[in-house]
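Since the structure comes first, as structure tokens, the remarks are kept for the end.
The values are calculated or read from the model by the stated rules, or taken from the named source; none is laboratory data. Computed from a predicted model, the values in this text were never measured in an experiment. Every residue, glycine among them, receives a Cβ derived from its backbone with ideal geometry; neighbour counts consider all protein chains shown.
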């Protein structure tokens, strides 16, 4: 792991820790999504730094991270899969395909990507606010919290961040 | 994955994986011309990314070090951005060209 990766990883771990605390405290869905999205964005950027080149400044990246992970050499993919809780690389590959709609929804919920729609920070639409994040029920959070695939994604994110040093 | 580095074969392998795991990707364009011999350049047309996404290729960090070390650079674009690139209204990254490109789509 190079120094840039280490710095982005530290930020990702800190945001994940805050997500966990907010969830325990019963915070509004918007805050949970905000910190979960930010933690995955930092994780993605920490990973992209493995090439030694700076990632783009955009918020997107979590799906790209998942794809880049699967592009690793087969020998490396074996231990990466195990580190992330999958018995075999094929299991990780299949799961990534299935969870991808949720992963896209999470990366695209950042205000800059949300196209003046539902986002975890600002009332929307900007010109004539009709919704407030703090009181909004986010279908994405309902999926993450109440559906098996969503809960698995949160567990995966936690493992991917906490065990980043294994595969960085 | 091919056992030794063959750029064309490796490009097809990566493209197959990306099309297989990412339903947002509609088509991949492999741009071998004017790229270094160990560099694979993709333009991936993705219907699930926002228009605001930067037009900046990402190094996937696929195979660093070793005798088969190579680079995979992916430029994610929306369908509208792809049309603008083809029409010459949106530039590709410096040094990239569509001349001699190969299209890899879903079967």
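Scanning the range B:15-46 for residues that are assigned to a loop (DSSP other than H, G, I, E, B), more than 10 Å from chain A (Cβ to nearest Cβ) and surrounded by fewer than 22 Cβ atoms within 10 Å (Cβ to Cβ) returns B:32, B:33, B:34, B:35, B:36, B:37, B:38. Kindly indicate which of B:93, B:50 is assigned to a loop (DSSP other than H, G, I, E, B), closer than 28 Å to residue A:57 by Cβ, at the interface with chain A (Cβ under 9 Å from one of its Cβ atoms) and touching a residue at least 24 places away in the same chain (Cβ under 8 Å). Every option except B:50 fails the conditions.
A count restricted to the range A:119-128 and to residues that are crowded, with 18+ Cβ neighbours inside 10 Å and either within 14 Å of chain B (Cβ to nearest Cβ) or within 22 Å of residue A:39 (Cβ to Cβ) (or both) stands at 2. Summed over the range A:93-118, the residues that are in contact with a helix residue (DSSP H, G or I) (Cβ under 8 Å, 6 or more places away or on another chain) and either outside any loop (DSSP other than H, G, I, E, B) or facing chain B (nearest Cβ under 10 Å) (or both) give a count of 15. Among the conditions (1) assigned to a loop (DSSP other than H, G, I, E, B); (2) over 12 Å from the mean Cα position of the chain (by Cα); (3) loosely packed, with under 14 Cβ neighbours inside 10 Å, residue B:80 misses just one, which is (1). Each residue in the range A:27-63 was checked for being modelled with pLDDT of 95 or more, touching a helix residue (DSSP H, G or I) at 6+ places or on another chain (Cβ under 7 Å) and part of a loop (DSSP other than H, G, I, E, B), and 1 of them qualify. Among the candidates A:52, A:26, A:61, which residue alone is surrounded by 20 or more Cβ atoms within 10 Å (Cβ to Cβ), at positive phi and out of contact with any strand residue (DSSP E or B) (no Cβ under 7 Å at 6 or more places or on another chain)? On inspection, the qualifying residue turns out to be A:61. Is it true that residue B:66 is in contact with a strand residue (DSSP E or B) (Cβ under 9 Å, 6 or more places away or on another chain), within 12 Å of chain A (Cβ to nearest Cβ), in a loop (DSSP other than H, G, I, E, B) and modelled with pLDDT under 95? So residue B:66 does not fit the description; no. Among the numbered conditions (1) farther than 21 Å from residue A:155 by Cβ; (2) without any contact (Cβ under 8 Å) to a residue 60 or more places away in the chain, the only one that residue A:5 does not meet is (2). Evaluating residue A:44 against the criteria (1) on the phi < 0 side of the Ramachandran plot; (2) away from chain B (no Cβ under 12 Å) leaves one unmet condition, (2).
From A:90, A:76, grab the single residue that is closer than 18 Å to residue B:64 by Cα, more than 14 Å from the chain's Cα centre (by Cα) and not in a loop (DSSP other than H, G, I, E, B). Don't jump to the end; show me each part of the working.
Details: A:90 fails: closer than 18 Å to residue B:64 by Cα.
Exactly one of A:90, A:76 is closer than 18 Å to residue B:64 by Cα, more than 14 Å from the chain's Cα centre (by Cα) and not in a loop (DSSP other than H, G, I, E, B), namely A:76.
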